[in-house]
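Step one of this worksheet: look at the structure below.
The values are calculated or read from the model by the stated rules, or taken from the named source; none is laboratory data. Note that the coordinates shown come from a computational prediction; the quantities given were computed from them, not determined experimentally. Methodologically, a virtual Cβ is constructed for each residue, glycine included, from the backbone with ideal geometry; neighbour enumeration extends over all protein chains shown. When the accessible area is computed, the model is the full protein with side chains, heavy atoms only, and any ligands, DNA or RNA have been set aside. Shrake-Rupley method; radii C 1.70, N 1.55, O 1.52, S 1.80 Å.
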Number of protein chains: 2
Amino acid sequence: MQGPPPLPPESWPLTPFHRMPDSSLTAAFLGPHGENADLLERLVTEALRDHVFWRRNYHPEDGFTIRETDKRTEGYERAVATLTQELMGLLAELKRGVPFFSGRYKGHMSYEQTIASQIGYFAAMLYNPNNVASEASPVTTRLELEVAAQLARMLGYDPARSWGHLTSGGTVANFEALWIARNVIYLPVAAAGAAEQLGVALEVRRPGGARGRVDRLSLWELVNNSPDAVLDLWEALWTVAPHADVHRALSAHSLSTVGYQDYARRLARAYGDPLPAGVVLVAATAHYSWEKIVRALGIGSNQLVFVPVDTHFRMDPDALWDTVAKLSARRVPIISCISVCGTTEESAVDRLDAVLAVRERAERELDVTFHLHADACYGGYAAAVTRRADGTRRTAAEIRASMETASWPDDAWVRALEALAEADSVTIDPHKLGYVPYPAGAILLRDRRARELVAIDPPYLVPARGVGADEDRFLGRFIFEGSKPGASAAAVWLSHTVLPLDERGYGRLIERTMVGARRLHAALGTADFGAFRIVLLPEPDINIVCYILHHPALSTLGAVNAFNEGIYERLSLSRPGASPPYIITRTRFQTPMYDGAVEPLLQRLGVGDVATWRASGADGLVVLRSTVMDPFLMAPPPPPAPDHVSGFIAALRHTCEDTLPSVVP
Amino acid sequence: MQGPPPLPPESWPLTPFHRMPDSSLTAAFLGPHGENADLLERLVTEALRDHVFWRRNYHPEDGFTIRETDKRTEGYERAVATLTQELMGLLAELKRGVPFFSGRYKGHMSYEQTIASQIGYFAAMLYNPNNVASEASPVTTRLELEVAAQLARMLGYDPARSWGHLTSGGTVANFEALWIARNVIYLPVAAAGAAEQLGVALEVRRPGGARGRVDRLSLWELVNNSPDAVLDLWEALWTVAPHADVHRALSAHSLSTVGYQDYARRLARAYGDPLPAGVVLVAATAHYSWEKIVRALGIGSNQLVFVPVDTHFRMDPDALWDTVAKLSARRVPIISCISVCGTTEESAVDRLDAVLAVRERAERELDVTFHLHADACYGGYAAAVTRRADGTRRTAAEIRASMETASWPDDAWVRALEALAEADSVTIDPHKLGYVPYPAGAILLRDRRARELVAIDPPYLVPARGVGADEDRFLGRFIFEGSKPGASAAAVWLSHTVLPLDERGYGRLIERTMVGARRLHAALGTADFGAFRIVLLPEPDINIVCYILHHPALSTLGAVNAFNEGIYERLSLSRPGASPPYIITRTRFQTPMYDGAVEPLLQRLGVGDVATWRASGADGLVVLRSTVMDPFLMAPPPPPAPDHVSGFIAALRHTCEDTLPSVVP
């Protein structure tokens, strides 16, 4: 193996991270070599003993259920021996795990967790709180709602008006968002039925601003009202008749109650034309879980409409406008449009401000609107980069200055993140760029009233449930899941507390990964790969670097794919017993989702155009990926530690040489 | 406060638990007063150091990223100070938590976790594995599948034919089960469409045993085939044409793809009468999450048909037969019947063998069948009671002998648990009677082929995904969720390993809670409550004791409810600053779900009949509940520790006296 090619001089600012003004991030993680082991051990022991002595102080007069003499029995000793032995076995097994913590891991969006979240999780887990209801989690339910309010503030939501909670992950959070969106969009139809049943007149604010009586609107008009207007209508409905009557009337006409099968028949009966099935628009790069979600909700994957992306993998606003206009011409209701903030493959950030502008134009020109959801599961925490300590926004120029980059981020990037404040719902995974243990997803609603549309009891019933019952004390009422770990809330809470969601904490952390990713991208672009050539995807919006390796002997797309697949295999743990010097991952861009993005790549690879590529079908285009979640990659470490940018480039070149013969014998 | 009433002599076998032949359970938990703190601390430290030295041995030549000199910087020291201070604050907050670990907690199904699961969780969490795919969790994905196979064996499923995985909890597991059920029940409709499109003939085995050509069956016949027959049909379909063609044809006709709205229209077009909307049968006592589930799936809560329960809160098989016969007469398709093993309120175990007999009769007499799901989220682990160490079944008499009870469990209870092996799917929550940390639900499928009906890629595509790819390596393909904690799998695995799922481990543990619950039930029944009277619900099927307190001055249902609500408030943490001597919980039996069960209770309370009760509407009947998950309640502890059965009874009587004046001034 040849030595690493030297990094081009002056190509990157070389302020070592540990000489940065604030070296607090060196205390944030256990560290690649467990450098902070003392700290973590001290805190873990503290939390454990603290818990034990809480137990011992709870009714000390109860004495000891398990006595020292019990511990001298054969049964006890055998049980301890078994437990210790099996734990040793488990610990040995775990060593086959993935070294996410190392600078040598440059694969998926996996790193290690903050010490704060590890200790928060462990400390709370000992108490076994269940956040389904505060009766089983008086402390951690409160922490969960605090965490949601912190995230809401970071996004720019009004904490008094918004609401949110944690979920097991992004799939459940996104599922819940779309479930709510469906209930919002179809609510005016139910309200029209309820108004008729109750013999009352009700109005809704139409996209143009005029007010329309729900009994006089067409079905098409009923399903085209802004979420704000719908929730105002929902609130007005509860004032026109006794609560129990409203509940009965609304239930009798709600999709949730009636179910899709009868609903479709009723619409046909009541309105003649029941309209085509409602669709969900997603950026073509959206996560595969959206397909599960629309299938499970009964919407059907045929109704998942992919909006083409541009060559930066961002939803193309012009394509979105075309899609909306075409659907509108066919009178196809749009349940929701899903914009992505941080695609899982490329970390692309949709220009959400431009997406919002398309919705405004649709309201103005077409009298059409829809629910807008931001899937910020991966990228949501990047909004912390845009926040000053006092909560105001940083400018792009300020961020560039602290990142020591001349051109990144641009104003458009900042505007896109600021626009999250206007989305009707946002999902964001603390267990991704929040660096906390699984499971921790989150959903935030801009308008807290929306949660009532999926609640299991009508709101008027709740105060009767128990003396002093506060509506937020039973989360299970508003959320899809039931029993859930309070420990997760404590983990996120403690991590947010020591690393605030602004430039001092998460903003700084994520900024550094963005610098690291751009340093890697720049170095890959200028490195000497000998006979090999690298085709880089554009600089990432956040911190995922994608690339394809190439060689003149590879003349077909199939050969290029096989070559890159071979590199992946050699730089991954997919082969049993493998110990690669670096670990990367790969994805496969497929048609039609990536049709709008692959053209420049295919051109640079010289393996045909989009048409040839489409014809190749499921094979797609293999793309190698390196997620930079490691805040320490932004600058070379102090010698003699190797630099994992130049080291990786050397390993990649070596792997290319190693792989080529197996593809081109 | 008066002293505790003496326990009636001879009313209970008094072998102290720590003198039982096998005292290993004393090593299973941290203990009410943290008696096993040394053990847990030793293992936690071991796991942490073991992990740290794994990191240090991974490429030691990389040196140290965080250096000792960094730790001497102001930034580092400030960060550590903040973290330590905030952790102290969190630890102080957590002390307002619920003392689930104490014998004084007799409320929800919450206790402490096994030491094995705590240490398993912590040890694996340090590695941050994500069980969405084995690429991010080579060890813990395997452990998850092992855990599922262990549960499958306990239920009596064939491990080679069945399949399962962990979920975030019971709601997601039940949701997934019903999602799969819907895909199974409607598959023949899609197959008929696909067969026509492909120009092939396909047969399905009809309930009576005859084979029917799918293109000649009516819609009613297509939706009435056993899950086994449907999965055989599904498998046969893949043999009649090239895989890509089958995939295209099947997708074109599947509900998942088409979505409910278009599906209903197509059925009407293709078959004339599209049949009424498909329903889901549930025991009337089923958990409230089933309502969320049918709403979210688009089935609609109108289609949730409650099957009455008997006075033991078990689904009434005669009522089930009547329901099936009536639905069948109206040609209403039954998507699934949900039987409950361990209701969350009463721990009632449906006579699943009798439910299965009803399905067989429906197949024989009505040519009607359905998917059968067992919601064993709470009670599933009780199946461990029925297993010998060698895997064979224990008889009821054997179990009675080891429980030292004369009459419990009866043969019917054992048969009901044995019948789980015949359910098409079973959900079971390790984070309930598995005594492991949240989140840990599980779903088991009797026939692993069913998972393909919700998989995101057609099966033939998968082998092409990567060299050596094993289909089980990407769990995300078959399951609803995505990223999920590998730590949870390690926790369940280690706990199952030290406490096997048979009479030696979980069987013994749960048996003891059943003994404790019956001891509590017996003592409540014979205790002297002075002027007060207790109305006990029947002895529980597992370990939840329910009761209502009464006094002659309480003449209406409303007064009895207010009195019991008052007792609950005094014996709970619902009031700020409360420090009750014991903690219980309560539920509210509501109409129509409990119509079949409340008659004897209302009679004994002397507050009217079912008709009066129904008229009272949402108020229902307040019932106090004590879940006995504490294995140490089965016998009084060695003196001087107080017995938490007699102590609880004394506190309950005192609370009655304290509460009455506030209800009857």
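The table that follows gives values for the structure above.
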item	result
A:A190, sole failed condition from (1) open to solvent by less than 10 Å² (accessible area, probe 1.4 Å); (2) under 19 Å from A:R446 (Cα atoms); (3) of a type in the set (G, A, S)	(2)
Long-range neighbours under 8 Å by Cβ, at least six apart or interchain, first residue closer than 21 Å to A:H312 by Cα within the stretch A:529-543, second of a type in the set (D, E)	A:L537/A:E346; A:P540/A:E346; A:D541/A:E346
Selected residue [of a type outside the set (V, I, T), under 26 Å from B:A244 (Cα atoms) and modelled with pLDDT under 90] from A:G558, A:G608, A:G577	A:G608
Among residues of the stretch B:548-561, those that are within 14 Å of chain A (Cβ to nearest Cβ) and surrounded by fewer than 18 Cβ atoms within 10 Å (Cβ to Cβ), counted	1
Scope the stretch B:81-101; condition open to solvent by 20 Å² or more (accessible area, probe 1.4 Å) and touching a strand residue (DSSP E or B) at 6+ places or on another chain (Cβ under 6 Å); matching residues	none
Some residue of the stretch B:620-634 being of a type in the set (D, E, K, R), at pLDDT 95 or above and under 27 Å from the mean Cα position of the chain (by Cα)	yes
Selection count where residues are closer than 30 Å to A:P580 by Cα and among the aromatic types (F, W, Y), scope the stretch B:56-93	2
Flag if A:R205 is of a type outside the set (D, E), closer than 20 Å to A:R449 by Cα and surrounded by fewer than 18 Cβ atoms within 10 Å (Cβ to Cβ)	yes
Qualifying residue in the stretch A:506-525 (condition: assigned to a loop (DSSP other than H, G, I, E, B) and either within 23 Å of A:G647 (Cα to Cα) or not polar (S, T, N, Q) (or both))	no
Failed item in (1) within 14 Å of chain B (Cβ to nearest Cβ); (2) surrounded by fewer than 19 Cβ atoms within 10 Å (Cβ to Cβ), with A:E657 passing the rest	(1)
Tabulated pairs, the stretch B:477-492, first more than 7 Å from chain A (Cβ to nearest Cβ) and within 26 Å of B:L453 (Cα to Cα), second part of a strand (DSSP E or B) and among the charged types (D, E, K, R), C-beta under 8 angstrom, 6+ apart or interchain	none
B:G342 being in contact (Cβ under 8 Å) with a residue 60 or more places away in the chain and in contact with a Phe, Trp or Tyr (Cβ under 9 Å, 6 or more places away or on another chain)	yes
Odd one out for B:R67, checked against (1) assigned to a helix (DSSP H, G or I); (2) open to solvent by 20 Å² or more (accessible area, probe 1.4 Å)	(1)
Filter result for B:H253 (within 13 Å of another protein chain (Cβ to nearest Cβ), surrounded by fewer than 21 Cβ atoms within 10 Å (Cβ to Cβ), more than 20 Å from B:A177 (Cβ to Cβ) and not charged (D, E, K, R))	no
Test for A:V246: is it within 14 Å of chain B (Cβ to nearest Cβ) and either buried (at least 24 other Cβ atoms within 10 Å of the Cβ) or within 22 Å of B:K292 (Cβ to Cβ) (or both)	no
Failed criterion for B:H51 (all others in (1) farther than 24 Å from A:D50 by Cα; (2) of a type outside the set (S, T, Y); (3) open to solvent by less than 70 Å² (accessible area, probe 1.4 Å) hold)	(1)
Counted residues, the stretch B:420-438 - those being crowded, with 24+ Cβ neighbours inside 10 Å, away from every other protein chain (no Cβ under 14 Å) and of a type in the set (A, V, I, L, M, F, W, C)	3
The listed residue being over 26 Å from A:G107 (Cβ atoms), over 23 Å from the mean Cα position of the chain (by Cα) and in contact (Cβ under 8 Å) with a residue 24 or more places away in the chain, out of A:T386, A:T323, A:T395	A:T323
Residue within the stretch A:508-529 that is open to solvent by 20 Å² or more (accessible area, probe 1.4 Å) and touching a Lys or Arg at 6+ places or on another chain (Cβ under 9 Å) present	yes
Residue match in the stretch B:112-119 (condition: assigned to a helix (DSSP H, G or I), closer than 19 Å to A:A490 by Cβ, without any contact (Cβ under 8 Å) to a residue 40 or more places away in the chain and at the interface with chain A (Cβ under 7 Å from one of its Cβ atoms))	no
Unique residue being within 7 Å of chain B (Cβ to nearest Cβ), over 20 Å from the mean Cα position of the chain (by Cα) and surrounded by fewer than 18 Cβ atoms within 10 Å (Cβ to Cβ) when the list is A:R78, A:R104, A:R161	A:R78
